[in-house]
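K.L.:
To start, I am sharing the structure in question, which I have written as structure tokens.
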Amino acid sequence: MENIVIIGFMGSGKSSVGRELARATQRFFIDSDFIISARENLSIPEIFNLKGEGYFRQLEGDFIHWAKKSLRNTIISTGGGMPIFNDISSVGQIIYLKIEFDEIIKRLSFDEMQKRPLFEDISKARVLYEERKNIYERVADKVIDANTSIGEIIEKILR
Ligand code: S3P
């Protein structure tokens, strides 16, 4: 069965939704950042600081290649930049969790922002959000309003 790939901006709930969706549909769940971090044995901020963003994007490319070849019937949650820098079109069905930037700010704690190198500065993150939102929309097979609770998001996807 086809994979489901969850995309969207940082803090849109991709991992939480992916986990719940996997449970609800009896699929496996995988998080690209988790796999990349494990492969390098470094945290995401460490990869950015020690090796640079370009290197991280290459690792995302490697992940996509591997996922296409090796994953079936899996819910895949992605890092927010994955569909911006790489082509994810043949990995699976692509679901975009669309959320307002101000809603993300309400949800993310200071610690959650610190874990994300591209969220250290809120005004820069807002610019990034504006730059990316049309790309998410364009590559998605389905767009889901993610300004609501996880339960409601899951229901909408299952429908
Ligand atoms: C990034 C998003 C992060 C992580 C990295 C870069 C981005 O993942 O991959 O910090 O470019 O949007 P989340 O979307 O899970 O925060």
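K.L.:
Can you give me the accessible area per residue for the stretch 64-115, using a 1.4 Å probe, in Å²? Kindly include the intermediate steps, with their values, before the conclusion.
P.N.:
Values: 2560 Å² over 52 residues.
Heavy-atom accessible area per residue stands at 49 Å².
K.L.:
Hey, can you grab everything whose amide H is under 5 Å from the amide H of Ala146? Only 5+ residues off in sequence or another chain; H modelled, so Pro and N-termini drop out.
P.N.:
Here the answer is Lys98, Ile99, since their amide H atoms fall under 5 Å of that of Ala146.
K.L.:
Another question about this same structure. Rg(Cα) of the stretch 37-159 divided by 2.2 N^0.38 Å? The partial results should precede the final answer.
P.N.:
Details: Rg = 15.2 Å, N = 123, 2.2 N^0.38 = 13.7 Å.
Here the answer is 1.11, to two decimals.
K.L.:
If you don't mind, another one. Considering the dipole of the stretch 1-135 built from charges on the beta carbon (Lys and Arg +1, Asp and Glu -1) around the Cα centre, which of Leu71, Ile88, Val127 is farthest to its positive end?
P.N.:
Checking the options against the dipole of the stretch 1-135, the answer is Leu71.
K.L.:
Can I ask one more? Using unit Cβ charges (K, R positive; D, E negative) and no other charged atoms, how large, in debye to the nearest 20, is the dipole of the stretch 37-159 about its Cα centre?
P.N.:
Details: 19 positive and 20 negative charges, 85 e Å.
Computed about the Cα centre, the dipole is about 400 debye.
K.L.:
Once you have the Cα-Cα distance between Glu40 and Phe28, take 0.36 nm times their residue separation minus that, and quote the gain in nm to one decimal. Don't skip to the answer; put the middle values down first.
P.N.:
Details: separation 12, 0.36 × 12 = 4.32 nm, distance 2.24 nm.
Value of the extension gain: 2.1 nm.
K.L.:
Enumerate the amide H contacts of Ser12 below 5 Å, restricted to partners 5 or more residues apart or on another chain; note that Pro and chain-start residues carry no placed amide H.
P.N.:
The answer is none.
K.L.:
Is it possible to state the helix-based mean residue ellipticity at 222 nm for the chain, with each DSSP H run of 4+ residues giving -39500 (n - 2.57), the sum divided by total residues, to the nearest 500 deg cm²/dmol? What is it? The partial results should precede the final answer.
P.N.:
On the way: 9 runs with 90 residues, N = 159.
The helix-only estimate for the chain comes to -16500 deg cm²/dmol at 222 nm.
K.L.:
Moving on. Using DSSP H assignments, which helices in the chain have an axial alpha-carbon span of 24 Å or above and a mean Kyte-Doolittle hydropathy of 1.6 or higher?
P.N.:
Values: long enough: 53-70 (25 Å, -0.98); 122-139 (25 Å, -0.87).
Counting only whole DSSP H runs, no helix qualifies.
K.L.:
I'd like the Karplus ³J(HN,Hα) series for the stretch 72-83: coefficients 6.51, -1.76, 1.60, θ = phi - 60°, whole numbers in Hz, and an x wherever there's a Gly or Pro.
P.N.:
Ordered by residue, 3J(HN,Hα) equals 9, 6, 10, 8, 10, 9, 10, x, x, x, 4, x Hz.
K.L.:
Could you compute the net charge surrounding Ser70? Neighbours are other residues with a C-beta less than 15 Å from the C-beta of Ser70; K and R count +1, D and E count -1.
P.N.:
On the way: positive: Arg27, Arg39, Lys68, Lys69, Arg72; negative: Glu2, Asp62.
Net charge in that neighbourhood comes out at +3.
K.L.:
Right, here's the next one. Could you check the simple spin-label distance between Arg72 and Val139, using points 7 Å along Cα→Cβ, in nm with one decimal?
P.N.:
Distance between label points: 2.5 nm.
K.L.:
Rounded if a/c is under 1.5, else prolate if a/b beats b/c, else oblate: with a ≥ b ≥ c from the C-alpha gyration tensor eigenvalues square-rooted, which is the stretch 118-158?
P.N.:
Working: a/c = 3.93, a/b = 1.63, b/c = 2.41.
Oblate is the answer for the stretch 118-158, as a/c is 1.5 or above yet b/c matches or exceeds a/b.
K.L.:
Per residue of the stretch 95-111, in order, report the coupling 6.51 cos²θ - 1.76 cosθ + 1.60 (Karplus, θ = phi - 60°) as ³J(HN,Hα) in whole Hz, putting x for Gly and Pro.
P.N.:
Calculated HN-Hα couplings, in order: 10, 9, 8, 8, 9, 6, 4, 5, 5, 4, 4, 5, 7, 7, 6, 4, 4 Hz.
K.L.:
In terms of modelled amide H atoms, which long-range or inter-chain residues lie less than 5 Å from the amide H of Ile7?
P.N.:
Amide H neighbours of Ile7: Ile95, Tyr96, Leu97.
K.L.:
Loop-only GluC sites (Glu not before Pro) in the stretch 1-95, please: DSSP not H, G, I, E or B, and at most 12 other Cβ atoms within 10 Å. Each step should come with its number before you reach the end.
P.N.:
Details: sites: Glu2, Glu20, Glu40, Glu46, Glu53, Glu60; in loops: Glu2.
Hits after loop and neighbour filter: Glu2.
The values are calculated or read from the model by the stated rules, or taken from the named source; none is laboratory data. Bear in mind that the values here come from a model prediction, so they are computed numbers and not experimental data. Backbone-built Cβ (ideal geometry, glycine too); neighbour counts: all protein chains shown. We work out accessible area using only protein heavy atoms, side chains counted, and drop any ligands, DNA or RNA first. Shrake-Rupley method; radii C 1.70, N 1.55, O 1.52, S 1.80 Å.
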